[in-house]
1. Looking only at residues in region 247-273 that are small (Gly, Ala, Ser) and touching a residue at least 60 places away in the same chain (Cβ under 8 Å), which one is least open to solvent (accessible area, probe 1.4 Å)?
2. Could you tell me whether any residue of region 124-135 is aromatic (Phe, Trp, Tyr) and surrounded by fewer than 20 Cβ atoms within 10 Å (Cβ to Cβ)?
3. If you check Ala11 against the conditions, is it surrounded by 15 or more Cβ atoms within 10 Å (Cβ to Cβ) and either modelled with pLDDT of 85 or more or out of contact with any helix residue (DSSP H, G or I) (no Cβ under 6 Å at 6 or more places or on another chain) (or both)?
4. Restricting to region 17-47, name every residue that is among the small types (Gly, Ala, Ser), assigned to a helix (DSSP H, G or I) and touching a Pro at 6+ places or on another chain (Cβ under 8 Å).
5. Are any of the residues in region 211-225 open to solvent by 80 Å² or more (accessible area, probe 1.4 Å), among the basic types (Lys, Arg) and more than 28 Å from the chain's Cα centre (by Cα)?
6. Hey, among the residues in region 49-85 that are in contact with a helix residue (DSSP H, G or I) (Cβ under 7 Å, 6 or more places away or on another chain) and not in a helix (DSSP H, G or I), which one's most open to solvent (accessible area, probe 1.4 Å)?
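The values are calculated or read from the model by the stated rules, or taken from the named source; none is laboratory data. In this text the structure is predicted, and so the values were computed from the model without any measurement. Cβ: placed from backbone, ideal geometry, glycine included. Neighbour counts: every protein chain shown. All accessible areas refer to the heavy atoms of the entire protein, side chains included, with ligands and DNA or RNA removed. Shrake-Rupley method; radii C 1.70, N 1.55, O 1.52, S 1.80 Å.
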Amino acid sequence: MSEQLEMDELAYSSRMVDWAPLGKLFFVLCLLIVGLLTNSILVPLITFSVGIALMAYSTNMRIPLILSLAIAEAIVIMIIGSGMISIMGDTDDPALWEGQLLWFNVHMTDASFQKAWLIFFRAIAGVTLMLSFASSTPIPHLAHAVRSIKCPVEICELIVLIYRYSFLLLERFLIMLDAAQCRLGYNGAMTAVKSYGGAMAGTFIFSMELAEKSEAALACRNYQGYFPIYRMPSPMSWKWIAVGLGLSVLLYLIGTETADWIDMTALFAPVLGW
């Protein structure tokens, strides 16, 4: 089964597929915004728990391979980014760790260490919330939802077309990488770079050919710029607004009262010997 079919099957089989797409998006955005407005680590932890609970309810944590790779890549980027933030503290503050790491001057302070963890928890919470939305909302439903709020028709059409054809390009790119591997295309660093370059160039050329063929195929099928939906999603109601805003206010109040409850420096001090 291709990656696109796995993603479509995941979205259409979700328990949340009949929920209003705009309502789910508004709810997720409310939680993301309140997480950015508060300096308490407890709030991103709560939103992370909400995201995990929604994913578990939506898909029973069945995640396709391509989505798992995207999550793993995002986590690696978060770890590297948070680590860089933690070692770039203010030189005027007392250092928890100071020295040289490769070509970086390390000056980790209590403030930079706390900020790094806060940003990491915000990022991981945002990923889980957006995945809970993406894994339960088919792309045609999302396009219909944004079209209902007067989004330009061209943008709605691009959302669906980019989603559909990006998987074809990805599949073509992976086939070229497998072909290069069968021909010892990764025997050495320079050979690997040339193989990747050739695969990227071939994918670009294939995309131009695919665009021409797809345009003709869509015209033969009387494509009018809109993919029909035979089972319309639910419209957004005032309940979504009330729940989203109410939970945001509650989390904001929790964040203002618990800003200093979790001290990551004190938690790691016995382990790291600070």
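1. Going through region 247-273, the residues small (Gly, Ala, Ser) turn out to be 248, 255, 259, 266, 269, 273.
Cutting the leftovers down to touching a residue at least 60 places away in the same chain (Cβ under 8 Å) gives us 248, 255, 259.
On the way: Ser248: 18, Gly255: 3, Ala259: 42 Å².
If we take residues in region 247-273 being small (Gly, Ala, Ser) and touching a residue at least 60 places away in the same chain (Cβ under 8 Å), then Gly255 is least open to solvent (accessible area, probe 1.4 Å).
2. In the first step, residues of region 124-135 are kept if they are aromatic (Phe, Trp, Tyr); the result is 133.
With surrounded by fewer than 20 Cβ atoms within 10 Å (Cβ to Cβ) added as a condition, the list becomes none.
The answer is no, given that none of the residues of region 124-135 is aromatic (Phe, Trp, Tyr) and surrounded by fewer than 20 Cβ atoms within 10 Å (Cβ to Cβ).
3. Working: surrounded by 15 or more Cβ atoms within 10 Å (Cβ to Cβ): yes; either modelled with pLDDT of 85 or more or out of contact with any helix residue (DSSP H, G or I) (no Cβ under 6 Å at 6 or more places or on another chain) (or both): yes.
Yes.
4. The first filter runs over region 17-47 and keeps only residues among the small types (Gly, Ala, Ser), leaving 20, 23, 35, 40.
This time we only want the ones that are assigned to a helix (DSSP H, G or I), so: 23, 35.
Correct list: Gly35 only.
5. At the first step, the residues of region 211-225 found to be open to solvent by 80 Å² or more (accessible area, probe 1.4 Å) are 212-213, 215, 220-222, 224.
So of that shortlist, the ones also among the basic types (Lys, Arg) come out as 213, 221.
From what's left, more than 28 Å from the chain's Cα centre (by Cα): 213, 221.
So far as region 211-225 goes, yes, one or more of its residues are open to solvent by 80 Å² or more (accessible area, probe 1.4 Å), among the basic types (Lys, Arg) and more than 28 Å from the chain's Cα centre (by Cα).
6. Among those residues, the one meeting the criterion is Arg62.
Yes/no matrix, rows are residues, columns are (1) open to solvent by 50 Å² or more (accessible area, probe 1.4 Å); (2) farther than 30 Å from Lys24 by Cβ; (3) among the small types (Gly, Ala, Ser):
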| residue | (1), (2), (3) |
| --- | --- |
| Cys182 | yes, yes, no |
| Tyr186 | yes, yes, no |
| Met190 | yes, yes, no |
| Tyr196 | yes, yes, no |
| Thr203 | no, yes, no |
| Pro228 | yes, no, no |
| Arg231 | yes, no, no |
| Ser234 | yes, no, yes |
| Leu245 | yes, no, no |
